[in-house]
Amino acid sequence: MTKSLSQEPYHSVQTLEIGPRNEKQRLDNYLLTQLKGIPKSRVYKLLRSGQVRVNKGRKKADYRLILGDIVRIPPVRMAEADDGRAPQHLLDMLNQSVIFEDKHLLVLNKPAGLAVHSGSNIRFGVIEMLRQARPHDEMLELVHRLDRETSGCLVIAKSRDALNQLHEYFRDQNGGMQKIYRAIVVGRWQGGEQIIDKPLLKNTIRGGERMVEVNPEGKEARSLFMPLDYKDSMSLMEVKLFTGRTHQIRVHAQSVGHPIAGDKKYGDDTFNQQLKAANFKRMYLHAYRLSFTLGKQAYDICAPLDDEWQKLTSSDL
């Protein structure tokens, strides 16, 4: 826990000593937790201008805090804070989306269309709303991310030890965590189970939009696609990830001619229009199951699919 050396009112100078709970945390993420309600852009401006000091010196946003560091946070006018709070119906939806919780972590079945954190044109995401809804939890930190339009298992750490170990699992390519997805792809899947082993290169700019593409200069990416059910227009797939690259399933599916249904970035525009006309308005990719071990505790967490999946696969499309 952070020890306060001079804890003045929120809008005044804060001088904080870093304790075990915040050790190894990025400086920008630490500041965002200390300056709740202050826009992200304002926090980064404080860092860039050198107004935030660590041990009396400047540090960059990605600096990893060390036990005993002294962080000075300058005065921030309350008028600069965003008074907007997430509406209650969204907070209620999040609370109802919790599918597992213990003292180390909680797991949400994240709804499609909900960003995991705030950003450009997004006032609040899952993590900000959780902190608003659960003010008595000392720590709530994202372990990983899901695309805004992807639903399913989203893990939130409630302790620094859990966060560090789970981060390692998500970076590990040797099976520390098993990640299973469900997807509906366009067209009738051919050939049964298939491992797609194609390197992915991200941040390729196409038409002003950042994309990911199959490219021999990219990073290794391996996915196992397994058909569960199919018809001529679409197929229900289970996908096991051996690596965890940005947009991996979406780009791998596209690369073999079976893009994810409803994917606006890598999908089939004609099929997506048919979906929209039939009132199916989401992307059909879902983080279905996570299996891992934390300390001596084994976890096997499944996020159920909603009824809309069955309605789509049994529709006349």
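Readers should treat all values here as calculations from the given coordinates under stated rules, not as data from a laboratory. Owing to the predicted nature of the structure, the values given are computational and were not obtained by experimental measurement. Backbone-built Cβ (ideal geometry, glycine too); neighbour counts: all protein chains shown.
Calculate how many DSSP beta bridges within the chain are antiparallel, expressed in % of all such bridges and rounded to the nearest 5.
DSSP beta bridges in the chain are roughly 95 percent antiparallel.
Quick check: the distance between the Cα centres of region 150-169 and region 96-148, to the nearest angstrom?
Rounded to whole Å, the Cα centres lie 11 Å apart.
With a sphere of radius 12 Å drawn around the Cβ of D161, what net charge do the other residues whose Cβ falls strictly inside it have (Lys, Arg +1; Asp, Glu -1)?
Once positives and negatives cancel, what remains is +2.
Stretched out fully, how many nm does the piece from Q273 to I66 gain, at 0.36 nm a residue minus the Cα gap?
69.4 nm
Mind sorting K265, K311 by how few other Cβ atoms lie within 10 Å of their own Cβ, fewest first?
Final ranking by Cβ density, sparse to dense: K311, K265.
Percent relative contact order of the chain, based on C-alpha pairs within less than 8 angstrom and at least six residues apart?
For the chain, the relative contact order is 13 percent.
So for D316, D62, fewest C-beta neighbours within 10 Å to most, what's the order?
Ascending Cβ contact count within 10 Å gives the list D316, D62.
Fewest to most neighbouring Cβ within 10 Å: what's the order for V98, V155, V116?
V98, V116, V155
Pull up the cross-link candidates among the lysines for K265, meaning alpha carbon to alpha carbon under 28 Å and not fewer than 8 places away within one chain.
In chain and number order, the partners are K40, K110, K179, K198, K202, K219, K231, K240, K276, K281, K311.
Please report, largest first and rounded to whole Å, the three semi-axes of the ellipsoid equivalent to region 207-317, where each semi-axis is the square root of five times an eigenvalue of the C-alpha gyration tensor.
One finds semi-axes of 25, 21, 12 Å for region 207-317.
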